[in-house]
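Peer 1: One structure follows; several queries about it will come next.
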Amino acid sequence: MKKQGLQWSFSILGAMMLLFIIAPVLGLLLSSSPAKLFETARDPEVKNSIMLTLGTSMAGTLLFAFAAVPFSWILARYSFPFKKLITAIIDLPVVIPHSAAGIAVLGFISRDTLVGKAGSAVGFNFVGHPAGIMLAMAFVSLPYLINAARDGFISVPERLEKAALTLGASPVRVFFTISLPLAWKNILSGLILMFARGMSEFGAVIIIAYHPMITPVLIYERFTSFGLKYAQPVSVVFILVVLVFFMILRLLLSKTKKS
Amino acid sequence: MLKLRGITKDFNGFRISDISFDVEKGDYFILLGPSGAGKSLLLETIAGLVHPGSGTIELNGKDITRAPIQQRKVGLVFQDHAIFPHMKVKKNLAYALHGQSNENIRRKIRSMSAGLGIEDMLERYPSTLSGGELQRVALARTLIQEPEILLLDEPLASMDSRLKAEIRALLRQIHRGGQTIMHVTHDYEEALSLGNRIAVMESGRILQTGTPDEVFRHPKNGFVAHFIGIKNFIPATVRTGDGLACAETPGNMKIRLTGGQENEKGFVMIRGEDIVLSIEALDSSASNVFHGIVDEITATPNGFDICVDAGEKLHALVTGISRDKLNIREGMKIWLNFKATAVKFIEE
């Protein structure tokens, strides 16, 4: 009887919390008429910003995956001096305020820095450029990929890698045929998380680039310039696009889990 | 063929030191020792997964101490099989044949899977296989690369007795085919039934190497004797007062034996098979005749272990037929008879 009481009170608490998440989103979704949403979805400014947001986040995720995934394997397999410090550094972007993260990245890529000068040499400026947006998104979202991939590699028994070595495989072949495929579920889920986190970033991006406008910045701009009524439809369209994207990616993930 | 000289290594809290022995071509070499003795570490060192701190490893006259794993021609089968779970059995077998022609790979898989009885599992994923089937696949996957020496890490651990017998038979068959094998185990029965040479290892050191007969009949020290399952191992002091020497035990048994110096301290050791049980005192050449009370009867794979309290608890091994003939029951009085030459004295 007592246990049931506990179950009930915890469930009620949980339901209240769920309502706290669902209510605002549902309210937002119902705030605009379908006609208004349709019109917004066809607005070139909105369309371009959504494409830019998805594109930069995707590009950043894939580009950084090339370094992040092998590095995660190192983190999973080896112990080395300052490993704890390095792990803490990786988690840093999660805990620092994102506007501060934007300032930090800006200081790193602005025109008078080494990276900025390298950019200028090949003819573009990171600031106000999709490449800069991509870097800002990657900065705040990279920990999600590294941590997920590291957990994935940890879950792969080291014996399987050793067995592959004794079967004559080179370390590179072992990585690509054993470690990577077996950790793939976690890596994919890390890629999705990083992509999602990058896409929803506002604070860091607005400091690097107000223009071209990613959707979170566009929503903010419509809100400050025209008010809530104008910001709502864009938000709804963006949320719907993101939701569809996630459903597809989740489906992909559940398929890999089954196989 | 495989020659280890002075191998020493500290690794993750395990330590092996000054390991030296030879494995000859065609040997079935058993490395026998309790868990934690460093056996697996030694195997991984031979396979090249771990580099020794000092010492050398030679295979067929070639120094492979620092050779890359791929160039060693050493096959290692892990205790938990380490079959790649994301590949079908066929792909597992083909893994070591990377770079060979498709025709070659097909032919080798066909003949290896036929030899080990896994032809009908080739299209299956490892998660659908039983422990015995996984062991066969692991052996096939390693043997397909035609290693000079096959290293087996506890290949019969965590198997039921029927499966053990099946895999033992398979290992014998592989050995008869000319494969040199080095097999790590903690089970002395496994060592006796498979090995033609045995090395006993404890705390990272090799205590004794020899044929099973040498090791089991003449264990070099107390640890070896205890470990290989000889239960009649009693501390004693030698007295040489009246003619034939005898060993006095803490339980006041005076056990006649050959050799031994006055007041020498050590252990007497008697194999359970050498003790004859009788209802009456026997008039025989056995100079050790004691009577005692049957303390406990335990079934063993080959009969019964009769523990008799005669001042010290002595274990005699008898067949089921003998037990029935003498009608041995717990609590009954019984005589123990064994020759002085069956008593081995090991000085401390």
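FYI, it's all coordinate maths here, none of it is from the lab. This is a predicted model, so every value here is computed, not measured. Virtual Cβ from ideal backbone geometry, glycine too; neighbours counted across all protein chains shown.
Peer 1: What is the order of A:69, A:244, B:343, fewest Cβ neighbours within 10 Å to most?
Peer 2: The fewest-first ordering by Cβ neighbours comes to A:244, A:69, B:343.
Peer 1: Determine, for A:56, B:240, the number of other Cβ atoms within 10 Å of each Cβ, and report the residues in order from fewest to most.
Peer 2: Starting with the residue having the fewest Cβ neighbours, the order is B:240, A:56.
Peer 1: A further question follows. When only Cα pairs under 8 Å and 6 or more residues apart are kept, what is the percent relative contact order across chain B?
Peer 2: Across chain B, relative contact order equals 16 percent.
Peer 1: Then there's this: In Å and whole numbers, how far do the C-alpha atoms of segment B:232-347 stretch along each principal axis, longest first?
Peer 2: Principal extents (Cα only, largest first): 41, 27, 21 Å.
Peer 1: Counting pairwise Cα distances across segment A:45-168, what percent come out greater than 16 angstrom?
Peer 2: 70 percent
Peer 1: Here's a follow-up. Holding the Cα-Cα limit at 24 Å, pick out from B:39/B:108; A:162/A:255; B:62/B:91; A:162/B:39 the pairs that are longer than that.
Peer 2: Details: B:39/B:108 31 Å; A:162/A:255 28 Å; B:62/B:91 32 Å; A:162/B:39 17 Å.
Beyond 24 Å between Cα atoms: B:39/B:108; A:162/A:255; B:62/B:91.
Peer 1: While we're looking at this one, here's another question. Roughly what % antiparallel, to the nearest 5, for the DSSP beta bridges in the protein assembly as shown?
Peer 2: 75 percent
Peer 1: With each pseudo-label sitting 7 Å past Cα toward Cβ, what's the residue A:224-residue A:78 distance in nm, one decimal?
Peer 2: Result for the modelled spin labels: 4.6 nm.
Peer 1: Need one value for B:90-98: mean number of C-beta atoms belonging to other chains within 10 Å of its residues' C-beta atoms.
Peer 2: Whole-number average of other-chain Cβ neighbours for B:90-98 is 3.
Peer 1: If you don't mind, another one. How much of the DSSP beta bridge set in segment B:2-227 is antiparallel, as a percent to the nearest 5?
Peer 2: Around 50 percent antiparallel, to the nearest 5.
Peer 1: What whole-number distance in Å separates the alpha-carbon centres of segment A:1-49 and segment B:210-236?
Peer 2: First find each Cα centre; the distance between them is then 75 Å.
Peer 1: Of the residues B:168, B:271, B:106, which exhibits the maximal mean-square fluctuation in a Gaussian network model of chain B defined by a 10 Å Cα contact cut-off?
Peer 2: Top of the fluctuation ranking is B:106.
Peer 1: Note down the magnitude of the dipole of segment B:2-227 about its Cα centre, charges +1 on Lys and Arg C-beta and -1 on Asp and Glu C-beta and zero elsewhere, to the nearest 20 debye.
Peer 2: The calculated dipole for segment B:2-227 is roughly 580 debye.
Peer 1: Given the -39500 (n - 2.57) contribution per DSSP H run of 4+ residues, what per-residue ellipticity at 222 nm results for chain B, rounded to the nearest 500 deg cm²/dmol?
Peer 2: Details: 9 runs with 84 residues, N = 348.
The helix contribution divided over chain B gives -7000 deg cm²/dmol.
Peer 1: While we're here: Helix B:102-115 sits at what angle to the longest principal axis of chain B, using alpha carbons and giving 0 to 90 degrees rounded to 10?
Peer 2: 20 degrees
Peer 1: Please list, short to long, the whole-number percent of alpha-carbon pairs of chain B in consecutive 10 angstrom bins beginning at zero.
Peer 2: Bin by bin from 0 Å, the calculated values are 5, 21, 25, 21, 15, 9, 3, 0, 0.
Peer 1: Dipole of segment B:232-347, Cα-centred, from +1 at each Lys and Arg C-beta and -1 at each Asp and Glu C-beta, to the nearest 20 debye?
Peer 2: Around 100 debye, computed over segment B:232-347.
Peer 1: Let me ask something else about it. Peptide B:76-85: average number of partner chain Cβ atoms within 10 Å per residue? Working shown, then result.
Peer 2: Values: counts 5, 2, 6, 1, 4, 2, 11, 2, 8, 6.
Mean number of neighbouring Cβ atoms from other chains: 5.
Peer 1: Hey, what D do you get for the protein assembly as shown in µm²/s if you plug the Kirkwood alpha-carbon radius into Stokes-Einstein at 37 °C and 0.692 mPa s?
Peer 2: On the way: Rh = 30.8 Å.
Value of D from the Cα-based Kirkwood radius: 107 µm²/s.
Peer 1: Per residue and in Å³, how big is the convex hull formed by the alpha-carbon atoms of segment A:36-258?
Peer 2: On the way: hull volume 33.0 nm³, N = 223.
Cα convex hull per residue, to the nearest whole number: 148 Å³.
Peer 1: Just need the relative contact order of chain A here, percent rounded to a whole number, with Cα pairs under 8 Å and 6+ apart.
Peer 2: 28 percent
Peer 1: Can you give the Rg/Rh ratio of segment B:138-239, where Rg is from the C-alpha atoms and Rh is the Kirkwood radius?
Peer 2: Over the Cα atoms of segment B:138-239, Rg/Rh equals 1.04.
Peer 1: Sorting A:32, A:9 on the 10 Å Cβ count, fewest up front, what's the list?
Peer 2: Numbers: A:32 19, A:9 10.
Fewest to most other Cβ atoms nearby, the residues stand as A:9, A:32.
Peer 1: Also, quick follow-up: Given the -39500 (n - 2.57) contribution per DSSP H run of 4+ residues, what per-residue ellipticity at 222 nm results for chain A, rounded to the nearest 500 deg cm²/dmol?
Peer 2: Theoretical 222 nm ellipticity from helices: -27000 deg cm²/dmol.
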